[in-house]
Structures are given as C-alpha cells and as structure tokens.
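This report refers to the structure that appears directly beneath it.
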Amino acid sequence: MKISTSYFAIIVIALLSVSCEKYLDINKDPNNPVEEYISVEQRLPAAIYHTSLQEVTQLNQLGSFWGGYWGTSTEGSNTYKKEQLYNGPAIMAKRDGIPIWENGYTYLNYYELLRIDAEGEGAPAYKAIAMVMQAWHYMRLVDTYGDIPFTQALQGQKYPRPVYDNGADVYKSSIDMLSTAVELLGRSPLPSEKRPGKDDILFNGDLSKWIKFANTIKLRALMRGSEVNSSSYIQSEISKILTAPSVSTTASVFLTETAQVQPGFNATNLNPFWSTYYRNSSNKTTNGYIHIRPTQFAIDSYKLLSDPRLSRLYAKTKSGEYKGVIFGYEGSDAEYNKDNTSPLLGPSENGGKAAAILKSQTQPIILLSAAESWFLLAEAAHRGWISGDAAEYYRNGISASMQQMEVSSSERDTYLSRPDVVYNNTLERIILQKWLALNSISGFEAWSDYRRVGLPEIPNTPGASPDERPRRLLYPETEVQTNIAEVTKRDVSDITTARVWWDKE
Amino acid sequence: MYRLFSKTIFLSVLAFAAGMILSATASGQADLSLTGVVLSEEDGKPVSYVTVNIKGTNRHTMTDDNGRFVIPGTIGDTIFISSLGYNPVLVAADNHNLNVKIKPSSFVLDELKVVATALGIKRAPKELGSSTEVIREDELTQGSPLNPLTGLTGKVAGLRVNMYDSKVDPNFQITMRGSRSITGNNSPLYVVDGVPVPDISRLNPGDIESITILKGANAAALYGSEGVNGALIIVTKSGEGSNGRVSFRQSTSLSEVYLLPTAQNMFGQGVDGVYSPTEYQSWGAAFDGTIKKVNSSAGKGDVRRNLFTTGMNIQNDLSFSKETGDDRYYLSLQNVTVKGIIPKDRSSRNGARFNTVQNIGKLRISSAISYNHINTNTTPDGPWVSMYKMPANFPLQEMVNWRDPSSQGNPNNFFTTVVKNPYFLIDTYRNESIQQVVNGKVEAEYPITSWLKAMYRLGLYSNSLQTRNTVERFDSERAGASQQGSVTDGTSNFRRLNGDLILSAEREFGKVKLNAIAGHNFREEMTKTTNIGASNLLFPNLFNQGSRSGNLTGGSAMLTERQYSIYAEVTAGYSGYLFLTLTGRRDKTSLLHPDNSSYFYPGASASFIITDAFPAIRENSVTDYLKLYTSYNKTGNVNLSPYSLNLTYSQAGGFPYGDITGFIPSSKNPNPDIRPEFVRSFEAGVQWSLLKRRLNAELAYVYSNSQGQIFASTSSAATGYTTSVVNLGELENNIIEFSVDGDIVRSREFRINAAFSYTYINNVVKDLYGSGEAEEYNIFRQSYAIKGMPYPSLKVTDYKRDDQGRIIVDALTGLPSASTEPTYKGTMVPPHQMGLQATIRYKGVSLYADFDCRLGGWMYSEVANAMIQSGTHPMTTQYGRKEFVIPNSVIAVSNPDGSVTYQPNTSVVAKGSGNSAYWNKYVAGYSVNYAAPGDYLKMRTLSVKYTLSRAAIAKLKIFKEVTIGAEATNLFIIRHRDNDFGDPEYLYNNTAGYYSWRQVPPYRTVGFTANIVF
C-alpha cells in the first residue's frame, strides 16, 4: 500500500509535467500583431501621417507663437502661458510640456524600422523614402534642441544613452542621407521590387516627386546655414543637386507644388489642424479656435500692403473689423476677449466657401508649401547660389500663396504690382513675403527664419527684455532623467540665450 | 449632520442606553453564570490567569489567584479554557460549578494565536522560523471596516496600509516590510482558505475568523512568487454551536470631511488686483464688503467645505452556523449601503458566503463559496478640483439648481467658462459600475495511512466588472459652455483557477519528529476586457453609442497566463524545542522565453525554544517563554504581463482609412531575454514572554536584497523607445521590528491591555543600471529611485541657491531662477512607523483605541500647486499682493579675480511679484514650495462596547448575546507644522507621499454598532 501510493504520486506528477510544455506555450499576443505580420506598405502611411501631424500641430503651433503669427484671447492666456512667458523649464517638463523630442525620435523610429524592413523585403524605394523623412526629422530636432543623438540614435538597448552629435554634423549627415536617397530613388527599379502606390499618402507613389521633395528639403537645410556655413560648402552641395541627370531648369529639380498628406480624411477622422483649431466632428468649435487669435502685428502686416489674403485668413469681429491680440500680454482687457478679436476664417463664417487656411474638414495636411519652395529658390538666387531670376521666384512664391489662400488672379495681379510688394533686391522683402505666405501653415519655418536672419521684426512678449527671444528648447526632462551626462555636457539652462548651431548672434 | 440621523441610528442609541440601564441590575444572577475552578493536572494546584471563553461568543474572563472564575453562561455551553504553558481544553458545561483540570504543555505561546496555517496545514508558532502575527475577528472589526485591509491598518509591525482617497469605494496600497520592487508590486499575497487570490477588498471582515500575517518570504515556497512580499493567510469561519447560532450585526456610521487644504479669503476674483466678475482666479482686489456683481464678501468659514455632504455607511450582517460532530456549516449574508461625502456618490454591496465541512468515512470534503455584488455610482474628480480653485466669495448654494435656465449655476450664466460649476459636473459626469466577485474552493482530504495524507484543492476567483461612464451633453450658444455627450461601456472579466495536489506526511523517530509536504500546483489567469465608447452623443439623455456622430472608440483584449510548480517542505523537530525547515519550489511560467521560464528557489528556517530546552530558566526566573528564530530565503519572481517579449504594432492616427492601413510600433522596447528577478531575504528574531505572560515582546531584524528587477525603465527617446524592459536594479532593506504587548492591569473584572509596535525601515537603492550608468530613475512625478538613497525619494524642483541655501536672484529683476538639478528632500515612505492599541475592559464594558504614527517621510501636494496658480492658496497673500523682496535671497557679485560672491538682497524687489504671473512661474513652478514632512500621529479608532450581562439577556428572552457600541475613526491627527496640504497617508498611482491634484480630502466617521446572537 505504501509503495503503490508513492508510485501513484510520482506518476501523477510526471503526467502533469509532460503536458506542461504545450500548456505553457500561450505567450503569443492574441491582441496585437508582431513584427512578422507587418510589411512596408503598412508602415509607410502611419509614419508619414505622424510626421505631418507633428508638423501641423506641435511644431506649427510653437512656431506660430514664436514666429509672430499667434497670440491668445484672454480666455486662452492660461492654456498657452509657458509659450507666451518663454518658460523653458515648463516646456521641457515630462508632464504638460511640449514633447517635440520624444515625438520626433518616436517617429524617427517608425522610419528606422521601415528602412530595415525595406532592406529585408528588397524595396529600395521605401528605404529611400525612409531616409528622406529621417533627414526631415533629424533637422527639425536640431532646429529645436541643438546637439542631438544621431550616430548612436535609434538602436534600442545597444546604446541606451546615445551620445549627442554636434548639430552642424547632424545637418551634414542629414544632407548626405538626402543625397543617398535621391540616388536610390533615381535608379531604375527591378521588376521584383516593391514600390509604393496609394500607401504613399504624400505623393501617391510618384518617386520623381520624392526626388524633388528631397532636393527642396536639402535646399531648406542649406539655407539654414546661410549665416554660418562657408559658401563653398553650400555651393558644392547645390551643384550636386543641379548636376543630377535630367535637369532642364533650375526650378525643375525642386518641388514647385505643395507637398500635402492625404490619407483619406473623412467626416469622422478629420484633418487634425481642422479638428484642433476649428471644429470637431460634431461641428462644435474647439478650444484651439476659442483660445488662439492672430497677433495685431500679423493683421497690421497684411493691412499695410492692402493684402487680399487678410480677408481670406480671418473673420471680422462683431464690430466689423479685423482685430488681433498682443502676444504674451497678461491683462484681461475686454478688447482681447475671444468675442472682440478675429479668429481664423473657416467655411462656416465664409458662406460655406473654403478660406485661406480652413477649407474643409477633409483637407490634406500641408507638409511643405509650394510658396515656401519658391521663396527658398528666391533667397538662393538672391544670395547667388543658383542661377535664375530671384524676382521671378519671388513672384511665383506670392502667386502660389495667393492660390493657396483662395485669392483671385486679378486681386493677385493688383497686389503684385504694388511698389511696396515688387521685389527690390532685398532679403527683407523675400522674408516678409515668405512670412506672409506661411502664416499658420509652417509656423516653425517662420520662427526659424526669425532666428536665422531676424526678419520680419516681430514684437516681443511684453514682459521680456528686447534681446530675450526663444532661441531653442531645453533638453526635455525625460532626457535629463535618462541621459544626464550628455545633457550636462551641453549646459543649456536658458532658452533665450543658448542658440542652435546655425543661429548666429 | 443631524438631519441625516436615520431611524436605525436612533434605535441603536436607544438600545445602547437601554443596555447601560439593564447592566446596572445585572450582576449576581448565579443561575445565569457558570463558575468553576481550574486546577493543574500535574500537582492539583489552582492555576491563575487562565483564559476562559464560552466558545463561539465574545465572552471572556480569567481565573483569579485561586484559579476560580465566573462567566455568564448556561448548561450546554462549551467552555474553552486556555493558558500559556498548558494544553487548551474544551469542556461541556454540565452543571453550574465546574472543575477543570489542565495539563502543562510545551505550547507556551498564547493559544489564541496558535493557528498559523500554510496550505491549510496547522503549525504551532514555535516551529516557525519567521515572524508571524495573528489578527482575530474582534480586532479586525473594530471600527466596522468594509474592507479587511482597513481593519489591519496600524495593527501589525511592518505592515503599512495606505488609503488612496475618500471615494465611496476607496483603493488601498499595502506593503509589508518595505519595498522589494522598484516599479512592481510590493503588496503581500492574500490566501483565503488555502487559495491565493489577487484581492480581498470584497471579503466581508465579519466572515473572517483570523488573519495570520506571515511576514517573511517563507510563504513563497508554498504559494509561489507572490509570497515574496509576505502573506496574509485568511481563514473564514467554518461553523460552530451544536444548537446552531444565528448572529445579527448592524452598524451605522456618519462621515464628515476634514483636513481641507487651507484657502485664503482676503482677495477676491480678478486679475492684477482688479476685480473681475468673469474671472475664476482669486487675483482680484481685496474684499472690502462692497456688493459687486457676483458677491464680494467672503463667506464665513471655508466655502469649499460646503461642497461636501455628510456621508453615511449602513452595514447589516446576518449569519447562521452550526456544527454536528465533525460536520459544520456557516452561512452569512451582508448588505452595505454607502453614501459618499461628495453629493450623489453612492455604493451598495450585497454578499453571501457559504462554508461547509463534510466527512464521508475518512474523506473530508470542505467547500467555501462567496459571492459579492457591488454597485457604485460616483462622479469623477471634477467637482472638488473645480471647487478648490473657486474664489472665497463663490456662492456655492446658488449653483445647485443649475438646470434652471435662470440659475447662476447654469453654464449659460456661470461666471466663467474656464472652470465648471461643481454641481454641473456632479450631475453630468457619472461613473457607474457593477462588480461581481465569486471566490470559492473545493477541497478533499484523505488519510492514505496513519502518517500520510493526500489533499486536492481547487480554487476559483472570478471578478466581473461592468462599467459605464457617461457625460451628459449640454448645448449652449455661449462659447466654451457646451459640453459633448459621451458614453463608454466596459466589461472586464478576470478568472483565476488554482489547483494544488498536496501529500503530507508526519512521522516520529525517537526524539525527532518529521513533517513533510510535497505538492504540485497549477494556476491559470484569464482576463478579457472590452470597451466601447462614443464621444459625440446626439441627445442629452440618451447614452447609447448608436446615437452619435464621429467615431466609435473601443477595443478588446484577452490575456492568459499560466504556470505550474512543484514544491516541497520538510520540517524536523527535535525534542519539541529545536526545529529546522527546508523548502524548495520550482516554477515554470508561460510569461518568459522557454529557455528562461523555469526557475528554482530554496529556503531554510530554524527556531529554538530556549525555555523548553532549559526548563530551569522558566522555573527560576520571570521568563516564561523565550524563542530564537532565523530564516533565509531566495525567491524568484516574474513581474511581467503576458505577451511582453515581442514588439507589437497597432493602428493609430485614425487608420485604417478605407483600405489604407497604418501600423506603428509600441514605444516600449521589449526584451525577449528577460529573466526572473530574485529576492534574497534573511531574518532573525527573538520572542520573549515574562511575568506570568503579562508581558510579551518580539524583536526581529530583517534584511532583504532584490536584484535584476524586471521593469520598464524610462529610456532616452533617442533610442527609438521611451521605455525599455530591463533586468536591472538592486534594492536593499534593513528593517527592525519591535512589538510589545501586555496587561497593565489584569484582574477578573478589570483589564487594561496595551500593544505597541514599532518598525524602522531603511529601504535603499543599491544600484540601478550598473556602475558608470545613470544613477536615478523617475518612478512617477517627483518620486525617484536614486542610487545610494532611500527608496522612494522625493526630488523637487528648486531655486538656484548659493552654498548657504539662499536663493540667488537677478540683480536687476530680483527674480529667482531654476536650479539645473532638482533638490532631494527625503524619502516618501516614512521610515519610522508605530502603532498602539489599547483596550480597557471592565465587566461587560470595553473601551478600545488605536493610534498610528509615522515619522521621517516627505510628501508634496499638487492641490497646493493648483491653488497657488488660481490665487486661492494663503501663501499668495503673505505679502499682501504687493511686490516684495524675496526673503533670504542673495545677488551674485563678480569680483575682479573672476570669482563670484553672494551678497544678501535687501532692496531689489522681485519684478511683478504682486501678480499672478510671478506666482505662477516662480512659486507654483517650483515644487519645493509645496513639499512638507509627512509626519503624523493619528487616532484611527475609538470604540466603546458593552456586552449585556446574562441576566439582562434572560429578561429579553429571545437573545443569547447582545453587544452594542459606539465607534469613531480618524478622530484627530497631529501633522507636521509645514503640512497644511492634507492627509499625509494618502497616495496616488501607487506613489506614497504624492498628494495628487485630484485627491479628495479625507473624512472621519462616528457610528454605532449592535451585535445580537439568537
């Protein structure tokens, strides 16, 4: 009896153990796909969407505040206090801060995994697109933070605390990445290659447009160095672009249409600019619409030139005027209440017609406008970097903006003939017109131009001394917590004094 | 408060008064008492201070110096007689004058605390090599808690119980002997009737016979990894009374908010010192008594308090039990109704338990099943968050009837659109939930031979939760006054199955006694959650996803994890005074890669009863009992959720758009190579009873070290991922626990007993990422793990200071700036924790009080932060809203040699310091301004109980026993003088010492109870 009992126990335990391997083999996620399920065409749309989302919300918003376009109604002054008071520590905070760094690298990783996957799947076009967009994001991060990880970035636990590379070097490497990508995009594809189609929500699979887009980004990147880089470096990089095969005119190698992202916005999934700064899916106005107002400076700038875009951009107040706010003003004067100042004009205030910025809830997201491309060419020609007529590029830039902002061709022509609009061989005029064209579209570029060339002369927040302007962001709190050695080396403690590499005092 | 007195309370009061009167006439009724004498079987001499108890009742007495006792009782009662040093005996009362003999034994600890069970196997405490404590029902139910964890607060050395908030159904954080895991779970394992369960908050404290607290990691060998934090072994009632027993208990208590953060009432609404009727912030002009548009006089007292109502808690318990031979049953029913301190918050709970033990020949089958149905209907945090920002002149009472279109509280008329009317939030934001918890077991035990038993136990814990969160739509022409309607319905089903096959053997070989257990365990946990929501509902009072515009949101997830284990324990006892136990367990889990999924962990413990080994000590000194014990354990743990080994993808950003899909990877970097984490713990202690057991003391030293912790550490976003799963970090605990309890006065009718416990915890982060790597980890908000520092540490944002700690200000603007590194303040878990329970018993009356004291920890409050911003915090008025020179500030002066010295600033006023912008940026922005030591002393419970004498009961005829009482909780608290923020015990998101901006202030209760046995 005793022995048989022990045997019985042993057998039971043995039986239980044998079936265990199968019993425990249940750790495959039944809820979410893993790497093996996902291919390049499922990665690309989400990656591009997030790039454009960051551009049109986070970056455009900060840039529009610091680039002179936006202020707030008294109702919104608390919501955007940190931007208006240049409160660097509040902006770097993990909580309630502005996570441009975190989002930037997260989206960079989408492209990194796309790039790796594209190599594995034999899809060089996807790889090239990934590189173009990585260059875009790296340069955005340098513009915001100065020195950033590049060589050791995006490698997971291989480099848990990636060292920071010099901002200028990241720019150079990004420009090289763009060159490599253009090469890849230009080669004739093998029949077996996977090529993007409608999953390319930016150019619908048109690789020639990707080449032009990459060249324009490169031009923008070279322009950033206008005040610090040697012109020989800039010239040699520009000549690389222009010596590519099939160059007919200088302008033909650059993007002269607006690069815009359209994944297929619909009545429930709206354009994010629309749903953040205008109306939600039940057509109710959002806090962004209630809180954000143009600066009086912006309104005056259009008024000064009798600019037809003014009436397409903004709605009149009840008293029938265009009225802006003072950026950073902390008083609660009734004249700056939401009801007494002009919001952005949208179809609901425009007889159902499309306005300059707000056209429809399904409008595409503008990633890079045609106007900006033309003004970059105008400035490059003005600086003598490229051949061609700066005046023509300048006019094309204004025309592109007028078209974008629903201005008729006759109004446009009247405007173009104004003596205070006609190109007068000054950088001031190019940058002013660029600034007027990028309003609420590419605020980040406006802020960057202000830092680069100090134009146009946008008013400062009332509480700050004249030389106190936001020139960058502090390294985010998450970075202080995880990579303190690198952060300490840079010793950046004030966003109004420390500058990024291309921002010359 | 008084208008809320219900009939129940009134009756309770009446009964209480009646009891007092009856008691005066009750003494000396001999036929209703049992008397007797207790003699030692050894020498026939009377034994004094023996505990005499009528089994199944709360009636206790003690023998006097002549061994005599008198206790209310009748013939047929069973009397339980117990004393240290003697075997307990059960005597059936066959006449009114009993003569009981008791036999000396080696069981020297208070028998009321004898039962220490592991896997349902009973052990004498002297065999245990680690510290244990037993809390019995009467201690647990002081203050009539709804949740057994409330009843444990402050009563056990080393056990810390913290309440999350003051909601009607609050959560608790419970930690035993410090923290072993940086981010994971530090709460002990709960074992109900032998089955490990994830939660006991739904267990009716009245069903609990005892909770044995196994403080060491020893429990892990028998229950698995979760036992690494100790275990609460809960035994529910099994049935007693051969004639059956029916018991009814009623308790009602009222609760009232206290410890509101202080608010200023000098300055009214407005900005820059100017009154504005449309501004919610209190940065306006000083109150001067003139009547302005809204109301310019600050109310009497604190207007914030008026938001709260008097809460009420009504508990009814009914139980039936009976024993017939070895067969028993116990049936209980419970109904609880709770009304919260926030208007319209309510909850109810209905529960039942049925426990049986049946014997069929040699087969013993026991089963237990409990069911609880809990309904809650509450509003989220909004009303209070709104309220503490409101100006002191806010006419709260006019806001109640906001649905009236002409009401000032109506969103169309409310004075601001930035902050909402609290009553609007209460009425339009509702969270409802229905939770059903089933917990049960079936157990069969069969003796194979005289020394070998086999047992199989199958346990089930199932938790089904249905939630519905709604927001009522409100349409307004006024911008910012509209509110979208939304509804989210959720269900969550959790089920845990646990099966144990246990063989246990017990044999004696001469002076050596061997106990051995071998077991096999399987466990399966399944969770399924589904939720579906819509955020744009079309109709104000129709909460269905079908009537929406915009997207339907929601999803579902299923999680399954399994593990199986084999384990063994062998205890060898020598001559009843020396014991050695060895344990071992091997787990295999589905959570890890098959190469790492199996892990073994051993343990050893020993105890030595000096007074048994050398009886001379007992005979020749005041010492009655002296035990030394020690143990060592290594415990493995897998602190990981299922499917954590691979990078997963999901659709985001509105994808799919038609047939275009868009997947993004998770921002958490997985680690397929993750391994179990291991905790090594060591414990040594001494237990000492002396002076005829009037004084009992225990002292223990505990060390634990946990390495290679599994946690999702924040990583530099530049790695591509914002968190990464790692096996890193090392936490060390050095703990001293001391407890003493004793009878200060002990006579037959009068007894004063006090128990005191003290715990010192030194919980230090030894390592985080390895040498040369980052030395701190942000746990949550201002809570950090810092290498070489106590865990968890509070670090606050601070001003730039000179080496004397003076604030450096700008020479021109007088404004401070931020120091680059946050400042360390201290640990957020108090290292010194003390508890004191005192009982005074005179005849049928007993008075009980318990106190809880925690010292040396830090806290910080985000309510204060928000109140500074909105100008309602008294700090903002300390300079009369005028510009001022920052006290104790200095200005940097550059010397010719390039060095910098700091000179006191006496004249440069801080620019703009009279206005909100300054306070926002330079005060609210620095958390150093709202951090304070969290020291406190609290009186948690005070209760008076009276048990009616037998004579009085006889007159009432139908009752066997009647106890009535009054009780109060949180009567007072003494806090550190710098803490005017709130209750330092509260926490948020598992972060001790963090007083969130959503935290509702605590409450105190006063109530009555009545317990009647039929």
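Values in this text are rule-based calculations from the coordinates and carry no lab data. Computed from a predicted model, the values in this text were never measured in an experiment. Positions of Cβ are generated from backbone atoms using ideal geometry, with glycine treated the same way; all protein chains shown enter the neighbour counts.
Quick notes on this one:
- Qualifying trypsin sites (Lys or Arg not before Pro) in segment B:819-922, DSSP loop, other Cβ atoms within 10 Å at most 12: B:Lys882
- Ordering B:Gly742, B:Ala93, B:Met834 by the projection of their Cα atoms onto the charge dipole of the protein assembly as shown, which places +1 on the Cβ of Lys and Arg and -1 on the Cβ of Asp and Glu, puts B:Ala93 at the extreme positive end.
- Taken one residue at a time, the phi angles of segment B:678-693 give Karplus couplings (6.51, -1.76, 1.60, θ = phi - 60°) of 10, 10, 9, 9, 9, 8, 9, x, 9, 10, 9, 10, 8, 6, 6, 6 Hz. Gly and Pro are set to x.
- Taking label positions 7 Å along the Cα-Cβ direction at both A:Ser188 and A:Asn31, the computed distance is 5.1 nm, reported to one decimal.
- Vicinal HN-Hα couplings computed from phi for segment B:944-951 (Karplus, 6.51 cos²θ - 1.76 cosθ + 1.60; Hz; Gly/Pro x): 10, 10, 9, 9, 5, 5, 4, 5
- Geometric extent, Cα atoms of segment A:271-426 - Rg, Dmax (angstrom): 17.3, 52
- Fewest-first ranking of B:His60, B:His873, A:His291, using other Cβ atoms within 10 Å as the exposure measure: B:His60, A:His291, B:His873
- Taken along the Cα-to-beta-carbon direction at a fixed 7 Å, the label points for A:Asn337 and B:Asp810 span 3.3 nm.
- Evaluated with a Cβ-only charge set (Lys, Arg +1; Asp, Glu -1), segment A:272-349 carries a dipole of roughly 320 debye about its Cα centre, given to the nearest 20.
- Basic side chains Lys and Arg get +1 at the Cβ, acidic Asp and Glu get -1 at the Cβ, and with that the dipole of the protein assembly as shown about its Cα centre reaches some 3220 debye.
- In this calculation the C-beta distance from A:Leu416 to A:Lys489 is compared with R0 = 51 Å, giving a FRET efficiency of 0.50.
- For the listed residue pairs A:Lys489/B:Lys911; A:Lys323/A:Lys504; A:Lys82/A:Lys284; A:Lys28/A:Lys198; A:Lys316/B:Lys389, the alpha carbons are over 30 angstrom apart in A:Lys489/B:Lys911; A:Lys323/A:Lys504; A:Lys28/A:Lys198; A:Lys316/B:Lys389.
- A helix-only calculation puts the protein assembly as shown at -6000 deg cm²/dmol for mean residue ellipticity at 222 nm, using -39500 (n - 2.57) for each DSSP H run of at least four residues, averaged over all residues.
- For a straight C-alpha distance cut-off of 16 angstrom, the aspartates and glutamates reachable from B:Lys167 (same-chain residues fewer than eight places away being disregarded) are B:Glu256, B:Asp345, B:Asp381, B:Glu432, B:Asp983, B:Glu985.
- Phi to ³J(HN,Hα) by Karplus 6.51 cos²θ - 1.76 cosθ + 1.60 over segment B:128-139, Hz, x for Gly, Pro: 8, x, 8, 6, 9, 9, 10, 10, 9, 3, 5, 6
- Cβ-based charge dipole, segment A:272-349, positive-most Cα from A:Tyr277, A:Ser332, A:Phe297: A:Tyr277
- Isotropic mean projected area of the C-alpha convex hull, chain B (nm²): 48.5 nm²
- Mean per-residue shielding of peptide B:261-270 is 0, counting Cβ atoms of other chains within 10 Å of each Cβ.
- The trypsin sites (Lys or Arg not before Pro) of segment B:298-378 meeting both criteria, a DSSP state outside H, G, I, E and B (loop) and at most 14 other C-beta atoms within 10 angstrom of the site's C-beta, are B:Lys300, B:Lys362.
- For the pair segment B:674-738 and segment B:623-673, the centres of their Cα atoms are 20 angstrom apart.
- For B:Gly554, the residues whose modelled amide H falls within less than 5 Å of its own, excluding neighbours fewer than 5 places apart on the same chain, are B:Gly533.
- Measuring how big segment A:272-349 is from its alpha-carbon positions, Rg and Dmax come out at 12.7, 38 Å.
- Calculated FRET efficiency, B:Arg403 to B:Asp302, Cβ-Cβ distance, R0 = 30 Å: about 0.65 to the nearest 0.05.
- Mean partner shielding of peptide B:585-595, defined as the number of other chain Cβ atoms within 10 Å of each residue Cβ, is 2.
- Distance from the alpha carbon centroid of segment B:475-546 to that of segment A:229-279 works out to 50 angstrom.
- Sparse packing (at most 14 other Cβ atoms within 10 Å of the Cβ) combined with a DSSP loop state is found for the following trypsin sites (Lys or Arg not before Pro) in segment A:185-257: A:Arg187, A:Lys198.
- Over the protein assembly as shown, the ratio between the Cα radius of gyration and 2.2 N^0.38 Å evaluates to 1.05.
- Set of aspartates and glutamates with alpha-carbon distance to B:Lys322 below 19 Å, sequence-local pairs under 8 removed: B:Asp77, B:Glu137, B:Asp193, B:Asp207, B:Glu209, B:Glu240, B:Glu961
- Cβ crowding within 10 Å ranks B:Ile710, B:Ile360 as B:Ile360, B:Ile710, fewest other Cβ atoms first.
- Estimated from the Cβ-Cβ distance and a Förster radius of 30 angstrom, the FRET efficiency linking B:Ser464 and B:Leu542 is about 0.70.
- Simple spin-label estimate for B:Thr290 and B:Val686 in nanometres, 7 Å along Cα-Cβ: 7.7 nm
- Compactness index (Cα Rg / 2.2 N^0.38 Å), segment B:521-583: 2.57
- Net lengthening on full extension, B:Val418/B:Ser667 (0.36 nm per residue, minus Cα-Cα): 86.3 nm
- Net length available on complete extension from B:Ala892 to B:Ile75 is 285.1 nm, with 0.36 nm assigned per residue and the Cα-Cα distance removed.
- Cα-centred dipole magnitude for chain A, charges only on beta-carbon of K, R (+1) and D, E (-1), debye, nearest 20: 480 debye
- Per-residue Cβ neighbour counts within 10 Å put B:Asp798, B:Asp810 in the sequence B:Asp810, B:Asp798, beginning with the fewest.
- Potential lengthening between B:Thr262 and B:Ser476 on full extension [0.36 nm per residue; Cα-Cα distance subtracted]: 73.6 nm
- For the pair segment A:21-78 and segment B:126-150, the centres of their Cα atoms are 50 angstrom apart.
- Cross-link partners of B:Lys103 among aspartates and glutamates (Cα-Cα below 17 Å; sequence separation of 8 or more within a chain): B:Glu41, B:Glu42, B:Asp43, B:Glu111, B:Asp612, B:Glu619, B:Asp624
- With the alpha-carbon atoms of segment B:574-648 aligned to their principal axes, the span from lowest to highest coordinate is 71, 21, 11 Å, starting with the largest.
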